[in-house]
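The values are calculated or read from the model by the stated rules, or taken from the named source; none is laboratory data. This one's a predicted model, so the numbers in the text were calculated from it and none came from an experiment. Glycine also receives a Cβ, built like all others from the backbone with ideal geometry; neighbour counts cover every protein chain displayed. Heads up: the accessible areas ignore ligands, DNA and RNA and are worked out on the full protein's heavy atoms, side chains in. Shrake-Rupley method; radii C 1.70, N 1.55, O 1.52, S 1.80 Å.
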Amino acid sequence: MALAKKCDRCGKLYEHYPTGDKLQYNAIRRFQRNVIGETMNCVKTLTTDLCPECMGEFEKFMTAKLREEKNAENK
């Protein structure tokens, strides 16, 4: 039996990943936090599955954004 995965960003079909690398992610889940940081309104339907290529692009984007923010704080 096979499990077909489809990227919610580009529509590409891909094989399930990762195969053991706990630092590699394959989905993004959006949720809200209250004023003291507790998670609330975490609904399964807000999960976005990404193929390895789109996840790589997302990680590059987020890394660059975090680096920009850190540099701005240090000025």
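A few points about this structure:
- The residue list 13, 23 contains one member that is at pLDDT 80 or above and surrounded by fewer than 10 Cβ atoms within 10 Å (Cβ to Cβ), which is 13.
- Scan of region 7-59 for residues that are in a strand (DSSP E or B) and of a type in the set (Phe, Trp, Tyr), ordered by number: 14
- Meets criteria (of a type in the set (A, V, I, L, M, F, W, C), open to solvent by 100 Å² or more (accessible area, probe 1.4 Å) and in a loop (DSSP other than H, G, I, E, B)) for residue 3: yes
- In region 45-75, the residues that are in contact with a strand residue (DSSP E or B) (Cβ under 8 Å, 6 or more places away or on another chain) and either open to solvent by 70 Å² or more (accessible area, probe 1.4 Å) or at positive phi (or both): 58
- Subset of region 28-48 [in contact with a Phe, Trp or Tyr (Cβ under 9 Å, 6 or more places away or on another chain) and either farther than 24 Å from residue 11 by Cα or not β-branched (Val, Ile, Thr) (or both)]: 39, 40, 41, 42, 46
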